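The values are calculated or read from the model by the stated rules, or taken from the named source; none is laboratory data. Computed from a predicted structure; not experimentally measured. Note that each Cβ is placed from the backbone with ideal geometry, even for glycine, and that neighbours are counted across all protein chains shown.
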Amino acid sequence: MTETILEYFFKTAKKYSEKTALLYKKEGVYFPILYKELLIRIQKLSSILLGLGIEKNDKIAILSENRPEWLISDFAIMGCGAVIVPLHITLNSKAICNILNHSEAKILIVSNAELLHKVLLCLDELLFLKKIICIENFFIEIKDSSIEILNWKKAEENLINSQLYGKTQSTKIDSNINDICSIIYTSGTTGEPKGVLLTHKNLLSNVESLNKAIPVKENDIFLSFLPLSHTLERMAGQMVPILFGATIAYAENAKTLVQNLKEVRPTILISVPRIFEKFHDKIWDKINQSSDIKKQIFKWSLKQKKGTIGYLCADYLAFKKVRNNLGGRLRLTISGGASLNLKLVKFFNKVGIIILEGYGLTETSPVISVNTENDICLGSVGKSLPEVLIKINKETKEVLVKGANVFSGYLNNKEETEKCFDSDNWFKTGDLGFISEKGFLTIIGRKKEMLITNGGKNVWPEPIENLLNDDRFVSQSMVIGNNKKFISALIVPDWQEVEIFIKQNNFQLQGHDKLVKNVEILKLFLQRLNEKINANLNDFEKIKAFVLLPQEFSQEQGELTPTLKLRRHIIELHYKKEIETLYQ
């Protein structure tokens, strides 16, 4: 491996010059960008950045939703030999300011006025930022500031007649594979975010290993909706397809995902468990609202075994319709970011949608292991990628990793970096797990998330939460019990199902804030807990108390990471009073 990511892309763009690289939606229609056009736009932006005085190893941040300009910015920054700092669009103003200062970013590329406003709120606190480039065409004037705001399109127009046009090529910047390519700030599920330093070698090794495990086909179309600021989507949903000649289509947002699936009809989808849970719920909502005969057909279909005539009939009568609602061409989906309920995997597998569960961390670029199309073990996160080594610490059961994909350290944080490696330089993931005789890795839980009750019992919250979330009346949940006498739970009801229950029983429909205290609703959830959840748990794992919450955990409130994992310490802080009542 001697090439940088951009050098790798140059070869791909030349090979597939007339092929569609990107698809973006504008005014209700998807428009293409060919590989040759994408290359030109990347070179233009690199020239602009060089003209603004950017030098090798300078930091440039990106604050944008998924769109072509995200990828163009990513690769153009590489073309300058600079370092990319992705920012999550759900971050608040203070968090954005902290990352911009900590990374010492000189330029920020921001997509729209709403996101720019977050930056302007902390303008006086920004210590290193010199310029802001706005992707969309809008006008904002700022006074008494040394920071200059530029318009992307106007900057491109000004470039055409300048001497800088076409100046940049990766070979002229003297970049090499050991240079830092990106600083990705962790989502902070268990603490404050840290800046992960990833080199071209780290990222490219993961690109090549992932493509060996799950080869991309030239006619593959990826639908990109997970935030590109998160390393899972940036690796599996951007770098892998664009470096191997596939096409990336951008979803408008997570809320329009089902509609965009039907429009784009992708062959590969990178997702997270929460999205599959929502797909599953919507499928059953539609089934439950259909006629009795259709319900019976669908339930009969689920009982048919693959390879039988019965299954062929089931596929024609029921499963094909489900697949068509998700575009009809998905040859596989990949799930990462958190553990996936085994029942969901089996359900989607039955209807003909393959979910390949994988595992990784930002610090490992990110993929460590993944199930493959021809080598799959349901309930596991697959075997290690080629050239990635995994072992289990015999005493602590912690998953340890070695490989070219493992990061070089945290930015300006030597102490935390040293804590991450053992004496033999194995990276300590912080996750506990085991490896089967056939080499499949299973993750038990996050070391820091393990609950230890007053009685000394170890309880893993995720499997219990998966059981809870599988109930049709539950939308989200978080299990509590560290240093407590018993296990309890915060539960966000599925209000659509609750309202159906209310109508069926002729109860009075009230606002969610009142329904969470309604005696009949509390009785319903207590019954569900005892019959559906606690019946499947050991005595020390059983949920002895719960509280219903009127609104979902959200990214906007800092309660979920960009891949929709629970930020437990934030949720506990937000619902401190409710939790205290559970243990009075």
| note | Of the listed residues (297, 242, 248), the one being touching a Phe, Trp or Tyr at 6+ places or on another chain (Cβ under 6 Å) and either assigned to a helix (DSSP H, G or I) or more than 14 Å from residue 333 (Cβ to Cβ) (or both) is 248
| said: Would you confirm whether or not the stretch 262-273 contains a residue that is touching a helix residue (DSSP H, G or I) at 6+ places or on another chain (Cβ under 6 Å) and among the hydroxyl-bearing types (Ser, Thr, Tyr)? | reply: no
| message | I'd like to know if the stretch 63-74 contains one or more residues that are over 19 Å from residue 22 (Cα atoms) and at pLDDT 95 or above. | response | yes
| Just one of 513, 422, 431 is of a type outside the set (S, T, N, Q) and not assigned by TED's automatic domain parsing to the domain that holds residue 287; which is it? | 513
| said: I'd like to know if the stretch 298-312 contains one or more residues that are of a type in the set (A, V, I, L, M) and within 27 Å of residue 468 (Cα to Cα). | reply: yes
| If a residue has to be buried (at least 16 other Cβ atoms within 10 Å of the Cβ), in a loop (DSSP other than H, G, I, E, B) and under 29 Å from the mean Cα position of the chain (by Cα) to count, how many in the stretch 117-142 make the cut? | 5
| query | Do we find a residue being in contact (Cβ under 8 Å) with a residue 12 or more places away in the chain, assigned by TED's automatic domain parsing to the domain that holds residue 122, among the small types (Gly, Ala, Ser) and not in a strand (DSSP E or B) anywhere in the stretch 56-63? | reply | no
| field | Criterion (in a helix (DSSP H, G or I), out of contact with any His (no Cβ under 7 Å at 6 or more places or on another chain) and surrounded by fewer than 20 Cβ atoms within 10 Å (Cβ to Cβ)) met by exactly one of 25, 11, 44 | value | 11
| Subset of the stretch 192-239 [touching a residue at least 24 places away in the same chain (Cβ under 8 Å), within 29 Å of residue 415 (Cα to Cα) and either assigned by TED's automatic domain parsing to the domain that holds residue 59 or in a loop (DSSP other than H, G, I, E, B) (or both)] | 193, 194, 228, 229, 230
| Test result for residue 373, surrounded by 18 or more Cβ atoms within 10 Å (Cβ to Cβ), among the acidic types (Asp, Glu), closer than 23 Å to residue 205 by Cβ and in contact (Cβ under 8 Å) with a residue 60 or more places away in the chain | no
| field | Whichever residue in the stretch 397-436 is touching a residue at least 60 places away in the same chain (Cβ under 8 Å) and part of a loop (DSSP other than H, G, I, E, B) and, among such residues, is surrounded by the most Cβ atoms within 10 Å (Cβ to Cβ) | value | 405
| query | What strands (runs of 3 or more DSSP E) completely inside the stretch 463-580 contain at least 3 residues that are touching a Leu at 6+ places or on another chain (Cβ under 6 Å) and aromatic (Phe, Trp, Tyr)? | reply | none
| message | Considering only residues that are within 25 Å of residue 496 (Cβ to Cβ) and in contact with a Ser or Thr (Cβ under 8 Å, 6 or more places away or on another chain), which ones fall in the stretch 533-556? | response | 543, 546, 547, 552, 555, 556
| said: For the stretch 437-455, give me each residue that is more than 24 Å from the chain's Cα centre (by Cα) and buried (at least 16 other Cβ atoms within 10 Å of the Cβ). | reply: 451, 453
| Would the stretch 321-335 turn up any residue that is over 18 Å from residue 257 (Cα atoms) and assigned to a helix (DSSP H, G or I)? | no
| task | Only residues that are over 12 Å from residue 62 (Cα atoms), in contact (Cβ under 8 Å) with a residue 40 or more places away in the chain and either touching a helix residue (DSSP H, G or I) at 6+ places or on another chain (Cβ under 6 Å) or part of a loop (DSSP other than H, G, I, E, B) (or both): list them for the stretch 94-116, please. | result | 104
| task | Would you mind finding the one in 168, 189 that is modelled with pLDDT under 90 and assigned by TED's automatic domain parsing to the domain that holds residue 85? | result | 168
